[in-house]
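Chemist: Submitted below is the structure of interest, expressed as C-alpha cells.
The values are calculated or read from the model by the stated rules, or taken from the named source; none is laboratory data. Predicted, not measured: the structure shown is a model, and the values here were computed from it. Glycine also receives a Cβ, built like all others from the backbone with ideal geometry; neighbour counts cover every protein chain displayed.
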Amino acid sequence: MGKLTEAIADDARRRLIVDDGVQLVEAEVRSKRGLKGIAVKAGFKVVKAFRPGILPMAMNSLLDDFVAQIDPYYDAFEESPERDLGRYFTQNGPAIANSLLSITDNRASVSPNPPLKKAYSKLRPSAVQHIQDALPRVAEMVARHV
C-alpha cells in the first residue's frame, strides 16, 4: 500500500486532501491566460454551474483512483536519486498526466450528462498540458500529505 493510499484511508486526512485538491484545481484554472485560458475558465464555469459543489464531490469521488495512479510515481521518486518531488513529477509529466486522464476519460465516456460530456470533450485535447502545468502544485500537495 502506497503512502498516499494510507493517507486517504484516514477520514480526517482525506477531507484535508480533498480540500487541498479543490484549491489546487481552482488555482490552476485562475492561472490560465490567453485564449486557452478563456476556454478552460468557460468549461470550468459550465461544470460548476451544472451542480453547485460538484468540485469537492468529484474530487472525493475520484481521489481513490487518482491516488492509485500517483502512488507508483511517488514510490519510484522515493527510490530515485532525485530529491525534488516537483522536478520528478515534471520530468515524468506526460506519463503522470496520461495516467490521471485515463480515469477521467473513462468517467466521461459513461456519463449520462450531455453538457458535462461536451465540456469535457472540448477541454480534453489540451488536458495533458494542463495537468503537466499543475504537477509542481500536485507535488507540493502530495508532499504535504505523505
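Chemist: When the residues of the range 49-59 are narrowed to those that are of a type outside the set (F, W, Y) and assigned to a helix (DSSP H, G or I), which ends up farthest from I131 (Cα to Cα)?
Modeler: So the first thing to find is which residues in the range 49-59 are of a type outside the set (F, W, Y), and the list is 49, 51-59.
When the remaining residues are screened for being assigned to a helix (DSSP H, G or I), the result is 49, 54-59.
Working: A49: 22, I54: 19, L55: 16, P56: 18, M57: 20, A58: 16, M59: 15 Å.
If we take residues in the range 49-59 being of a type outside the set (F, W, Y) and assigned to a helix (DSSP H, G or I), then A49 is farthest from I131 (Cα to Cα).
Chemist: Separate question: Taking the range 10-24, which residues are over 19 Å from Y73 (Cα atoms) and of a type in the set (G, A, S)?
Modeler: Answer for the range 10-24, where residues must be over 19 Å from Y73 (Cα atoms) and of a type in the set (G, A, S): just A12.
Chemist: Inspect all residues belonging to the range 2-17 and state whether any of them is surrounded by fewer than 16 Cβ atoms within 10 Å (Cβ to Cβ) and on the phi > 0 side of the Ramachandran plot.
Modeler: Within the range 2-17 (the criterion being surrounded by fewer than 16 Cβ atoms within 10 Å (Cβ to Cβ) and on the phi > 0 side of the Ramachandran plot), the answer is no, since none of the residues qualifies.
Chemist: Counting only residues that are within 19 Å of P136 (Cα to Cα) and outside any helix (DSSP H, G or I), how many does the range 1-48 have?
Modeler: Qualifying residue count, the range 1-48: 2.
Chemist: Moving on. For the range 33-56, give me each residue that is free of Cβ contacts under 8 Å to residues at least 24 places away in the same chain and surrounded by 12 or more Cβ atoms within 10 Å (Cβ to Cβ). Outline the logic, then answer.
Modeler: To start, the set of residues in the range 33-56 that are free of Cβ contacts under 8 Å to residues at least 24 places away in the same chain comprises 33-35, 37-38, 41-42, 44-45, 48-49, 51-54.
Across the range 33-56, the qualifying residues are G37, K41, A42, F44, K45, K48, R51, I54.
Chemist: Suppose the filter is free of Cβ contacts under 8 Å to residues at least 24 places away in the same chain, of a type outside the set (S, T, N, Q) and in a loop (DSSP other than H, G, I, E, B); does P81 pass it?
Modeler: Details: free of Cβ contacts under 8 Å to residues at least 24 places away in the same chain: yes; of a type outside the set (S, T, N, Q): yes; in a loop (DSSP other than H, G, I, E, B): yes.
Answer is yes for this residue.
Chemist: Still on this structure, I have one more. For the range 101-117, enumerate the residues that are assigned to a helix (DSSP H, G or I) and loosely packed, with under 13 Cβ neighbours inside 10 Å. Show your work before the answer.
Modeler: To start, the set of residues in the range 101-117 that are assigned to a helix (DSSP H, G or I) comprises 101-110, 114-117.
Listed by number, the residues that qualify are S102, N106, S109, V110, P114, P115.
Chemist: Please find, among S61, S31, S102, the residue that is of a type in the set (S, T, Y), at pLDDT 90 or above and more than 13 Å from the chain's Cα centre (by Cα). Full working, then the answer.
Modeler: On the way: S61 fails: more than 13 Å from the chain's Cα centre (by Cα); S102 fails: more than 13 Å from the chain's Cα centre (by Cα).
Exactly one residue qualifies, and that residue is S31.
Chemist: Considering every residue within the range 60-74, establish whether at least one is farther than 29 Å from A9 by Cβ and either part of a loop (DSSP other than H, G, I, E, B) or in contact (Cβ under 8 Å) with a residue 12 or more places away in the chain (or both).
Modeler: No: zero hits.
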